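One structure is given below, encoded as structure tokens.
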Amino acid sequence: MKQLLSSAALLAAVTATPALADAELYRLDASHSQIVFSWNHLGLSTTYGMFSGFEGEIMFDADDPASSSVSVSMPTTSMFTGWEARTAHMLGEDFFAASDDDMITFVSTGIEVTGDDTALITGDLTIGDTTQEVVLDATLNSAGPSPLPQMNGALVAGFDATTTLSRTAFGLSAFTPFVGDEVNVMISVEAIRAADMES
């Protein structure tokens with residue numbers, strides 16, 4: 001997991017930058033935001049896990065994406081692998097040793113715009129007692145009024161991001177090298193302008 005949230009060439013976290021005239025607060029839509037991660041098992045197969053239903057805030061500056069920021073948090077125990085015994089093993093002492101109040105967090109520290117709709121988002125990823133700098137390779141899929149009639153024209157934005165993390169860098173080294181050290185991360189999130197959620 002060494003670069004976990006790469007979708008925000010334009011995502012922004014209300015924790016990182018002081019008031020920006022053109023930046024607006026967006027909140028993640030938990031029902032349409034997922035983080036999928038995968039790793040190699042014994043050179044035989046690729047195994048997958050997922051986080052969903054997590055919370056996050058973005059200070060989104062469409063005119064100056066580099067001034068945007070993002071902050072995301074999720075309970076470690078919200079992990080889902082599709083196999084109950086595997087999930088329990090990963091949350092146990094061999095890996096995360098997670099308690100009910102353990103959180104995985106990401107807070108951006110900088111954004112480098114690389115194209116019209118792409119950016120590299122650097123930030124601090126914390127898992128357990130370890131914090132590592134990671135870089136997310138992000139793409140803005142779309143931003144503007146929602147096409148859904150029930151959203152009443154609320155402003156929305158959608159991002160995809162990818163990264164590769166080293167689990168041993170976060171102290172999750174059990175069974176290496178038989179179970180791969182590299183964890184590929186795919187992120188897809190939707191966010192809604194906070195002012196439209198409150199009106």
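The values are calculated or read from the model by the stated rules, or taken from the named source; none is laboratory data. Bear in mind the structure is a predicted one, so any value in this text is a computation, not a measurement. No Cβ is skipped: glycine too gets one built from the backbone with ideal geometry, and neighbour counts run over all protein chains shown. What goes into the accessible areas is simple: the full protein's heavy atoms, side chains included, and nothing from ligands, DNA or RNA. Shrake-Rupley method; radii C 1.70, N 1.55, O 1.52, S 1.80 Å.
Worth pointing out:
- Total residues in the stretch 43-57 satisfying the condition of being out of contact with any strand residue (DSSP E or B) (no Cβ under 7 Å at 6 or more places or on another chain) and modelled with pLDDT of 95 or more: the figure is 3.
- So V156, is it closer than 19 Å to Q34 by Cβ, β-branched (V, I, T) and surrounded by 14 or more Cβ atoms within 10 Å (Cβ to Cβ): yes
- Within the stretch 27-46, the residues that satisfy the criterion of being open to solvent by less than 70 Å² (accessible area, probe 1.4 Å), hydroxyl-bearing (S, T, Y) and touching a Gly at 6+ places or on another chain (Cβ under 9 Å) are S33, S38.
- Of all residues in the stretch 144-184 being assigned to a loop (DSSP other than H, G, I, E, B) and in contact with a Leu (Cβ under 8 Å, 6 or more places away or on another chain), the one that is nearest to S69 (Cα to Cα): S146
- Among the residues of the stretch 92-124, the ones that are farther than 18 Å from G53 by Cα and not small (G, A, S) come to 16 in all.
- Of all residues in the stretch 185-199, those satisfying the criterion of being open to solvent by 70 Å² or more (accessible area, probe 1.4 Å) and either under 17 Å from P147 (Cα atoms) or assigned to a strand (DSSP E or B) (or both) are M186, E190, M197.
- Restricting attention to the stretch 31-67, the residues being hydroxyl-bearing (S, T, Y) and either at positive phi or in a loop (DSSP other than H, G, I, E, B) (or both) number 1.
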